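For reference, the structure is listed below as structure tokens.
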């Protein structure tokens, strides 16, 4: 377990907090492993009825740590730390809630697509800049976003990779409520307490029914995305994007075909 992921039990909710403030909560392989372990432990613990993912009042996560991911991913995506986390999230049997403040970049947005309730501070900014970095969508976003929002809106978010506001996210049906940043986590915890008080088997059955129609296609999509993502990490386009990021300049893709 890494101390960059802090685990705390509040009543019957397992709180999973991303805590790497000096790097804007950028996620490493070790942090993904810790979050995947937390999901597995919550599933096995009969006393846990809800899982809450959160960061700080200033930041949810800036996405993947580019230095950690520059070397690529092993070919078997499902068994990688990020694969374990994403498949664990998609297969979670207990309700998953998220409290988001500040940047929610890349996985910081796509992981929310698997949550049952999402509360965002007014200071939140969402973004899926995969194409901008020479990469491809992940987390099942290439399936879920067109299904929920329509193809052209999904193409706008995934191909142009621009940031969008919590009001935009609320209007698109991606979050439940916009909060004052100081109140986001408290609001999410109140919903967790409501879920704790519900009959647990009925909640699990409801979640299963909500997810079952898309689960097989979702897992196939996540696997295909993950394998392609690993290939794209080693691409010349990604190398240029990562180098430009390190040099604090705009990447130049004009010479690529």
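Every read-out reported here was derived from the displayed coordinates using simple, explicitly stated rules and does not represent laboratory data. All values reported here derive from a predicted model rather than from experimental measurement.
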Per DSSP H run of n ≥ 4, the term is -39500 (n - 2.57); total these for the chain, divide by its residue number, and report the mean residue ellipticity at 222 nm rounded to 500 deg cm²/dmol.
-> -13500 deg cm²/dmol
With 5 Å bins from 0: P(r) over the chain, alpha-carbon pairs, percent = 1, 6, 13, 19, 20, 19, 13, 6, 2, 1, 0, 0
May I ask for the angle, rounded to the nearest 10°, between helix 184-197 and the longest principal axis of the chain, with both axes built from Cα atoms and the value confined to 0 to 90°?
-> 50 degrees
Degrees separating the helix 29-44 axis from the principal Cα axis of the chain, which is the longest one = 20 degrees
Would you work out if the range 1-126 is rounded, prolate or oblate? Take a ≥ b ≥ c from the square roots of the eigenvalues of the alpha-carbon gyration tensor; rounded if a/c is under 1.5, else prolate when a/b is larger than b/c, oblate otherwise.
-> oblate
Any idea how far the Cα center of the range 19-90 sits from the one of the range 131-157, in Å?
-> 20 Å
Taking the convex hull of the alpha carbon atoms in the range 206-257, what volume per residue do you get, in Å³?
-> 130 Å³
Compactness of the range 108-239 - radius of gyration and Dmax, Cα, Å | 16.5, 52
Gaussian network model of the chain, Cα within-10 Å springs - most flexible of 16, 178, 152 = 152
Between 0 and 90°, nearest 10: helix 236-246 axis offset from the chain longest Cα axis | 80 degrees
Using only C-alpha atoms and all pairs of different ones, pull out the Kirkwood radius for the range 62-155 in Å with one decimal.
-> 14.4 Å
Note down the relative contact order for the range 18-80 as a percent, whole number, built from C-alpha pairs under 8 angstrom at least six residues apart.
-> 48 percent
Fraction of antiparallel bridges per DSSP, the chain only, in percent to nearest 5 = 25 percent
